[in-house]
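The values are calculated or read from the model by the stated rules, or taken from the named source; none is laboratory data. Every value quoted in this text rests on a predicted model; they were computed, and no experiment measured them. We place every Cβ from the backbone using ideal geometry, glycine too, and count neighbours over all the protein chains shown.
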Amino acid sequence: MADGFAQSVKQQADIVRVIGEYVRLTKAGAQSFKGLCPFHKEKTPSFNVQAAQQFFHCFGCGQSGDVFTFVQKMENVGFPEAVRTVAQKCGIPLPKREFSSPEEAQASRLRSRLLEIHEQACGYFEEQLQSPEAARAREYLTSRGVTAEAIAAFRIGYAPDSYSTMRDRFQSSFDEETMRASGLFSSKEQNDGAVGPLYARFRKRITFPIRNEAGRVIAFTARALDNDEKAGPKYLNSPETPLYTKGHVLFNLDKAKQSIRQFEFALLVEGQMDCISVYMAGITNVLATSGTAFTEAQVRLLARHTRQVVVNFDPDTAGANAAEKSIALLIEEGFSVKVVTLDGGLDPDRYVRERGTPAYIAALRSARRHSDYLIDRARTLFPPVTPDAKVKALNFLLPHMQHIPSRIARDEFAADAAQKLAIDSALLRQELKQAAFARRADVSSKAAAAPALSEAEKLLLRALTLPAGDAARELARKRLAQEPALYEGLAASSLLSAFVAAETISNPFDLAPDEASRHWLAAVLLHSSQEIQPEQVEDAFHSLRHSRLERRQRELRRQLAEAEQRGDATSVQELMTEKMTLDRALREN
Ligand SMILES: [Zn+2]
């Protein structure tokens, strides 16, 4: 790339406008703008753009540079690509291309051919949707409330039921390398190991183009028209290509980004159909994750436009799981997240069509804070009526709390959870602090911070807090009552004896005699919610007996050494006898 051209682009380009496409900028002075830095996590803007000097600087992470530096970092491309990108954004015609290496030239040529073939394929599918063969596809779309306007806006199409029609048509315009690399065609390996002839990947399917942020078609997702086994998966996507990486695209971002900035939040739905319905209903700041949980790449992509999200995933289990994962990721990246649950178990698509836009907007307005949503979800999954269920509910919530970067927000979440689950809130906060500390600390200091309880003690503590009548609990109580010597002198001994004495336990923390016990109890209960088998209780007792014998053995050795030093033959004799018995017991135990 000639330096002269780069200079000329830089002179013509407006850095504020270019960066403004990625970052929401607000005016901070006559010639300066500020926004949230796209290169580091932050909640108050420390990213500055100077219009007069045409450079940016972040006071938070120290990144700075000119418009090309910005695009290079943002798009993860080299200098020549950044110059081209800026030129294109500003409508500056490109000179005859000059590339730094033959590989780069080749990759760039392939990319532009792939963009071209996708554009043509999109047009081809759109045209096919009007063919007689596509009557059923059109009926399906009508039945799902997809209007002609939506079909045009989203460039929905139809891939005909033929292996060869599309290939034959495209062969005249594209070379085989491009057709293979596009992912629009497949081929089977022949018996002799050679690659077989190309055939259309998408057949008898409704096609939805996936577009990049600039609105260029880079892949397709295609819905089967038939439900039988022969039709294959319900949704078939393009494979990864030089244009398309799964989980790096947000469906509809090209159309939604303006409104996302305008409304200052993005509405996140699961499926393309939801996204299309909601968009056509006039709620234009909507994006689809395309049926999966959010990826980190998608979060970064979204962070360029807003840090506020309303999540409206499907009401089924898969939707709830995807919502939880997405929420965790968004919260960790400093987003503010609200969650909509639609009544009637409807997904956004059906809700909009059956109840209308005003009702949907009302539902969006009533979106709950993500913490309230998660606490409710924990209460539904594990109704907190028993201590065990409370522990499970806490186990469910704790990772979410830990993800919150702000301590104040974290404490607030903990206080709400404690109140709604009827758990000691000071203790919950303590546990959170502990978890946050453990997360930062390395493995060795994490071990040092953990309470000095043996695995056997932890298991017994857990067993004893199970509901009355649980086989493992009753066995543990019986055994401990029979052999109190077993837990004498252990770290958790006072806690264990309090639990043995209690017929029923409504809140195990009420029985913890001191702060250390409460702390141990929390650590033990919060970190595991698995069921306990009676055999595990027996194993724990076995291990307690063994360690008790070992303790006695150490003690005996010390006493023996003392007796020998004193020349006390009688004591030595007695101690030796006991030691032999003990050695035998240890071998057997
Ligand atoms: Zn920064």
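Quick rundown of the values:
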| quantity | calculated |
| --- | --- |
| Criterion violated by THR292 - all others in (1) touching a helix residue (DSSP H, G or I) at 6+ places or on another chain (Cβ under 9 Å); (2) modelled with pLDDT under 90; (3) not in a loop (DSSP other than H, G, I, E, B) satisfied | (3) |
| Every pair of residues 6+ apart whose Cβ atoms lie under 7 Å, when the first sits in region 169-185 and is without any contact (Cβ under 8 Å) to a residue 40 or more places away in the chain and assigned by TED's automatic domain parsing to the domain that holds PHE208 while the second is part of a strand (DSSP E or B) and crowded, with 19+ Cβ neighbours inside 10 Å | PHE185/ALA200 |
| Selection within region 23-60 - under 24 Å from ILE260 (Cβ atoms) and near the ligand (Cβ under 9 Å from one of its atoms) | LEU36, CYS37, PRO38, PHE39, HIS40, LYS41, GLU42, SER46, PHE47, CYS58, GLY60 |
| Matching residues in region 380-397 - criterion: being crowded, with 18+ Cβ neighbours inside 10 Å and assigned to a helix (DSSP H, G or I) | PRO387, ASP388, ALA389, LYS390, VAL391, LYS392, ALA393, LEU394, PHE396, LEU397 |
| Residue check, VAL311 assigned to a strand (DSSP E or B) and more than 22 Å from TYR235 (Cα to Cα) | yes |
| Failed item in (1) farther than 19 Å from VAL217 by Cα; (2) in a helix (DSSP H, G or I); (3) in contact (Cβ under 8 Å) with a residue 40 or more places away in the chain, with TYR163 passing the rest | (2) |
| Test result for VAL71, at pLDDT 90 or above and assigned to a loop (DSSP other than H, G, I, E, B) | no |
| Selection count, region 493-510, where residues are modelled with pLDDT under 80, of a type in the set (A, V, I, L, M, F, W, C) and either assigned by TED's automatic domain parsing to the domain that holds ALA422 or within 18 Å of LEU453 (Cα to Cα) (or both) | 1 |
| Filtered residues of region 456-497 (kept if acidic (Asp, Glu) and more than 14 Å from ALA540 (Cβ to Cβ)) | ASP470, GLU474, GLU488 |
| Failed criterion for SER108 (all others in (1) among the small types (Gly, Ala, Ser); (2) under 30 Å from GLN11 (Cα atoms); (3) at pLDDT 95 or above hold) | (3) |
| Criterion: away from the ligand (no atom under 16 Å from the Cβ), in a helix (DSSP H, G or I) and touching a helix residue (DSSP H, G or I) at 6+ places or on another chain (Cβ under 6 Å) - qualifying residue of ALA82, ALA135, ALA107, ALA121 | ALA82 |
| Residue, nearest to ALA153 (Cα to Cα), within region 241-259, restricted to residues that are of a type in the set (Ser, Thr, Tyr) and out of contact with any strand residue (DSSP E or B) (no Cβ under 6 Å at 6 or more places or on another chain) | SER259 |
| Residue among ILE331, ILE404, ILE327 that alone is farther than 26 Å from SER290 by Cβ and either free of Cβ contacts under 8 Å to residues at least 24 places away in the same chain or not acidic (Asp, Glu) (or both) | ILE404 |
| Meets criteria (of a type in the set (A, V, I, L, M) and within 16 Å of the ligand (Cβ to nearest atom)) for ALA6 | no |
| One residue from ALA222, ALA214 being of a type in the set (Gly, Ala, Ser), within 26 Å of the chain's Cα centre (by Cα) and either farther than 20 Å from ILE151 by Cα or part of a loop (DSSP other than H, G, I, E, B) (or both) | ALA214 |
| Test set (1) closer than 19 Å to ARG261 by Cβ; (2) within 14 Å of the ligand (Cβ to nearest atom) - SER64 fails condition number | (1) |
| Candidates GLY196, GLY232, GLY215, filtered to the one that is closer than 20 Å to TYR140 by Cβ and either in contact with a strand residue (DSSP E or B) (Cβ under 9 Å, 6 or more places away or on another chain) or surrounded by fewer than 21 Cβ atoms within 10 Å (Cβ to Cβ) (or both) | GLY232 |
| Failed condition for TYR140, given (1) touching a helix residue (DSSP H, G or I) at 6+ places or on another chain (Cβ under 7 Å); (2) in a helix (DSSP H, G or I) | (1) |
| Top-ranked residue in region 67-79 [being within 15 Å of the ligand (Cβ to nearest atom) and closer than 26 Å to ILE331 by Cα; ranked as farthest from the chain's Cα centre (by Cα)] | PHE70 |
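Every residue, every condition in (1) surrounded by 19 or more Cβ atoms within 10 Å (Cβ to Cβ); (2) assigned by TED's automatic domain parsing to the domain that holds GLN12, yes or no:
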residue	(1), (2)
SER64	no, yes
THR69	no, yes
LYS73	no, yes
GLY78	no, yes
LEU94	no, no
GLU119	no, no
ALA134	yes, no
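Listed here are the residues, each with its yes/no results for (1) in contact (Cβ under 8 Å) with a residue 60 or more places away in the chain; (2) under 25 Å from PHE396 (Cβ atoms); (3) assigned by TED's automatic domain parsing to the domain that holds GLY183; (4) aromatic (Phe, Trp, Tyr).
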residue: GLN262; (1), (2), (3), (4): no, no, no, no
residue: GLY271; (1), (2), (3), (4): yes, no, no, no
residue: THR284; (1), (2), (3), (4): no, no, no, no
residue: PHE294; (1), (2), (3), (4): no, yes, no, yes
residue: HIS305; (1), (2), (3), (4): yes, no, no, no
residue: ASN312; (1), (2), (3), (4): no, yes, no, no
residue: ALA318; (1), (2), (3), (4): no, yes, no, no
